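See structure below.
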Amino acid sequence: MAPPMSAGSFLDALKDEGVTVVEVGDWQHHNRNHKGPWGPVHGVMIHHTVTSGSARTVEICRDGHPSLPGPLCHGVITKDGRVHLVGYGRANHAGLGDDDVLRAVIAEKALPHDNESNTDGNRHFYGFECENLGDGEDPWPAAQLEAIEKVSAAICRHHGWTQRSVVGHLEWQPGKVDPKGFTMKSMRARIEERLK
């Protein structure tokens, strides 16, 4: 049972891992905590945005849209590898997912196939949205992939987790395809190497 780290500890952990951080407004207090608890936290979830243009992507992820209020994640990873912090606390990113997957993440075991949506993921995961069209053709620059690796490792290092605590949205919620364009298996291998 891991309580979320403080916003200050989160920022320090990212910087200590070598992440280039951009703080957006009062991100430390921008959250959806009034809709339910945040924590205990058990992992990190990676998404793609289906957007292009860094400024607009960051704005959408911070503010959300009429059907889904922001923040839509904790950090937005733009193509240049910068991580824009847009919120801290409960965020509208994971939605409902599979309780069997959550149990596997907690146990740090191989993930089962996600086949139901019965568990609140917004409560239990740190979330990062990555600027990408999500069409399988939009490139993932090396700097962006490295930033995904670094933010994931930073959080895992703080909590004493392994790379098995990092999942893609597609592994959590049936019907989701993100992130598309690289595999979570390959990303977890990178995170494992960084944590050594």
>> What does the net charge come to around residue 101 if you take all other residues with beta carbon closer than 11 Å to its beta carbon, with K and R at +1 and D and E at -1?
In response: -4
> Which one of 89, 36, 121 has the biggest mean-square fluctuation once the chain is modelled by GNM with Cα springs under 10 Å?
Replying inline: 36
> Mind checking Rg over Rh on the range 130-196, alpha carbons, Kirkwood formula for Rh?
Replying inline: 0.97
> To one decimal place, what orientation-averaged projected area in nm² is obtained for the convex hull of the Cα set of the range 20-85?
Replying inline: 5.2
> In a shell of Cβ-Cβ distance under 14 Å around residue 76, excluding residue 76 itself, what net charge do Lys and Arg (+1) and Asp and Glu (-1) give?
Replying inline: -3
>> Below 26 Å, Cα to Cα, which lysines can residue 150 reach? Residues fewer than 8 away in the same chain don't count.
In response: 15, 79, 109, 176, 180, 185, 196
>> From the helices alone, meaning DSSP H stretches of at least four residues, give me the mean residue ellipticity at 222 nm for the chain, per-run term -39500 (n - 2.57), in deg cm²/dmol to the nearest 500.
In response: -9500 deg cm²/dmol
> Can you give me the relative contact order of the chain as a percent, contacts being Cα pairs under 8 Å and 6 or more apart?
Replying inline: 28
>> Starting from a Cα-only point model with no solvent, please compute log10 I(q)/I(0) by Debye for the range 1-111 at q = 0.09, 0.11, 0.12, 0.14 1/Å.
In response: -0.24, -0.37, -0.44, -0.60
> Which percent of the accessible area of the range 12-132 is formed by carbon and sulfur heavy atoms (probe 1.4 angstrom)?
Replying inline: 49
> Given a 1.4 Å probe, how much area per residue of the chain is accessible, in Å²?
Replying inline: 43
> Considering only protein heavy atoms, what is the solvent-accessible area of residue 111 at a probe of 1.4 Å, reported in Å² to the nearest 10?
Replying inline: 50
> the chain: Rg/Rh from Cα coordinates, Kirkwood Rh?
Replying inline: 0.92
> In whole Å, how far is the Cα centre of the range 60-118 from that of the range 141-175?
Replying inline: 11
> What spacing in nm lies between the two simple spin-label points modelled at residue 96 and residue 56, each 7 Å away from Cα in the Cβ direction?
Replying inline: 3.2
> How big, in percent, is the set of alpha carbon pairs in the range 76-164 lying more than 16 Å apart?
Replying inline: 64
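The values are calculated or read from the model by the stated rules, or taken from the named source; none is laboratory data. These numbers were taken from a predicted model, which means no experiment stands behind them. Glycine gets a Cβ as well: all are built from the backbone with ideal geometry, and neighbour counts include every protein chain shown. Side chains are part of the model used for accessible areas, which takes the heavy atoms of the whole protein and leaves out ligands, DNA and RNA. Shrake-Rupley method; radii C 1.70, N 1.55, O 1.52, S 1.80 Å.
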